[in-house]
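Taking it in order: structure first as structure tokens, then the write-up.
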Amino acid sequence: MTALLPENVDAVLPLSPAQSGILFHCIGADPAQGSYVGVVSADLEGPLDEAPFKAAFADTVMATDALRACFVWEGVKRPLQVVRKRVELSWDVVDWTALGAEAMEQAAAGVVDRYRRAGFDLSQAPLMHMTLARVGPD
């Protein structure tokens, strides 16, 4: 399992009781339920330079242990949280400027639904995916 390779492990920690419960439910659940998949969105106004925007998110992830964590439960006595030294964020960049308001709402709902159905491989960090959707000139 790549998460346990020593050259990319910053820390190995026991799970909190809450993490243990969530992991138990996630590994036994149908990913399509998306029970523990949270979606956060923000509307930004003004010009956006994509490269520094993505770099700021990458810096935040690299500075925050919890955002570089994954879980190991197979082949160990007790499930563990593994904090990786380096992770790479996955981004989708879409241009919805040609869509009307209703079509944008449907497209956004489709993105959320796709992520909820797909779930995450809890053994691979980071446990997040980013979508940047341009909805207008600014």
Could you tell me what percent of the DSSP beta bridges with both partners in the chain are antiparallel, to the nearest 5? 65 percent
Among 40, 133, 22 - extreme Cα towards positive end, dipole of the chain, charges at beta-carbon: 22
Tally up the carbon and sulfur contribution to the accessible surface of the stretch 54-138 as a whole percent, 1.4 Å probe, everything protein left in place. 54 percent
Taking only DSSP H segments of four or more residues, each worth -39500 (n - 2.57), what value at 222 nm results for the chain once the sum is divided by all its residues, to the nearest 500 deg cm²/dmol? -10500 deg cm²/dmol
Assigned charges on the beta-carbon of Lys, Arg, Asp, Glu; the chain dipole about Cα centre (debye): 760 debye
Identified option (computed Kirkwood radius over Cα pairs in Å; candidates [x] 14.9; [y] 15.4; [z] 16.9): [z]
The chain accessible area per residue, 1.4 Å probe, protein heavy atoms, integer Å², reads 66 Å²
Here, GluC sites (Glu not before Pro) of the stretch 70-135 satisfying both criteria (DSSP loop; at most 15 other Cβ within 10 Å) are 74, 88
Projected onto the charge dipole of the chain (+1 at Lys/Arg Cβ, -1 at Asp/Glu Cβ, origin at the Cα centre), which of 101, 8, 56 gives the Cα projection farthest towards the positive end? 8
Take peptides 117-124, 42-49, 78-85 and line them up by average Cβ neighbours within 10 Å, highest first, as a rough protection proxy. 78-85, 117-124, 42-49
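The values are calculated or read from the model by the stated rules, or taken from the named source; none is laboratory data. Since this is a predicted model, take the numbers as computed values, not measurements. Please note: Cβ atoms are built from the backbone with ideal geometry, for glycine as well, and neighbour counts cover all protein chains shown. Ligands, DNA and RNA are excluded from the accessible area calculation, which covers all protein heavy atoms including side chains. Shrake-Rupley method; radii C 1.70, N 1.55, O 1.52, S 1.80 Å.
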